[in-house]
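Note sheet for the following structure.
The values are calculated or read from the model by the stated rules, or taken from the named source; none is laboratory data. All values reported here derive from a predicted model rather than from experimental measurement. Ideal geometry is used to build each Cβ from the backbone, glycine not excepted, and the neighbour counts take in all protein chains shown.
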């Protein structure tokens with residue numbers, strides 16, 4: 001929950017000026033709901049996409065304060081986050097509710113970014129794969145593996161978000177490989193094509209190492225995205241990784 005109209009305009013102007021129109025990696029910004037339409041206008045005719053930070057699992061009805069997938073689509077969103085770690089932790093969103101949100105986004109042709117991840121207690125107890133496997137399986141069972149072919153998965157180790165700690169590239173790769181294998185157990189082709197992002201204190205200084213891992217396809221950027229120069233430096237590493245060797 002950051003930003004203002006003035007801050008947003010400054011940040012988006014700097015991003016648009018510094019981001020190449022022919023970039024190899026996709027770039028999406030997800031501002032708070034109240035700024036979506038205005039930011040969308042700023043991004044029109046640029047290479048940067050627009051996404052929502054959350055979506056209601058229901059299509060319409062008496063759900064005051066909620067925002068539906070159709071509404072997000074109507075104001076120009078292409079993407080939406082579902083199951084962000086803060087939604088799961090602070091607002092007690094269950095795996096089932098997250099899966100329903102994923103389904104609602106998919107039904108309106110939005111690209112859902114499914115966030116999964118474990119807390120520090122889970123990692124220390126050796127439950128990382130159990131937790132992430134459960135979070136993935138609920139979505140796969142409700143929506144089918146084919147829907148992930150039209151979505152994105154983001155691994156968020158909760159213990160590395162906003163703490164300054166970051167998973168070592170090898171730790172991130174291990175979990176990303178597990179995620180891909182879990183999807184491959186249902187559909188190997190879709191697993192190979194699914195984009196899996198890492199989100200946990202990604203910065204310009206560690207982005208290159210993380211994006212060099214074979215199953216890390218990009219980043220879900222938090223605090224660093226609020227500083228244009230830092231975000232652009234991360235995007236540069238994502239573009240280099242997308243271009244491949246040489």
Would a scan of region 220-227 turn up a residue that is crowded, with 22+ Cβ neighbours inside 10 Å, touching a helix residue (DSSP H, G or I) at 6+ places or on another chain (Cβ under 9 Å) and modelled with pLDDT of 95 or more?
yes
Of the residues that sit in region 110-133 and are at pLDDT below 95 and under 13 Å from residue 85 (Cα atoms), which one is nearest to the chain's Cα centre (by Cα)?
119
Report yes if some residue within region 13-20 is out of contact with any helix residue (DSSP H, G or I) (no Cβ under 7 Å at 6 or more places or on another chain), in contact (Cβ under 8 Å) with a residue 60 or more places away in the chain and surrounded by fewer than 18 Cβ atoms within 10 Å (Cβ to Cβ); otherwise report no.
yes
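Has region 35-50 got any residue that is touching a residue at least 60 places away in the same chain (Cβ under 8 Å) and surrounded by 17 or more Cβ atoms within 10 Å (Cβ to Cβ)?
Taking region 35-50 as the starting set, the residues that turn out to be touching a residue at least 60 places away in the same chain (Cβ under 8 Å) are none.
For region 35-50, residues touching a residue at least 60 places away in the same chain (Cβ under 8 Å) and surrounded by 17 or more Cβ atoms within 10 Å (Cβ to Cβ): absent.
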Looking at (1) in contact (Cβ under 8 Å) with a residue 24 or more places away in the chain; (2) farther than 30 Å from residue 43 by Cα; (3) surrounded by fewer than 16 Cβ atoms within 10 Å (Cβ to Cβ), can you tell me which one residue 109 breaks?
(2)
May I ask you to verify whether residue 152 is touching a residue at least 60 places away in the same chain (Cβ under 8 Å), farther than 16 Å from residue 86 by Cα and within 16 Å of the chain's Cα centre (by Cα)?
yes
Would you be able to tell me the number of residues in region 56-97 that are under 18 Å from residue 195 (Cβ atoms) and either surrounded by 19 or more Cβ atoms within 10 Å (Cβ to Cβ) or in contact (Cβ under 8 Å) with a residue 60 or more places away in the chain (or both)?
7
Which residue is nearest to the chain's Cα centre (by Cα), if the candidates are limited to region 156-205 and must be surrounded by 17 or more Cβ atoms within 10 Å (Cβ to Cβ) and under 19 Å from residue 105 (Cα atoms)?
197
Filter result for residue 238 (under 17 Å from the mean Cα position of the chain (by Cα), crowded, with 22+ Cβ neighbours inside 10 Å and closer than 23 Å to residue 19 by Cβ):
yes
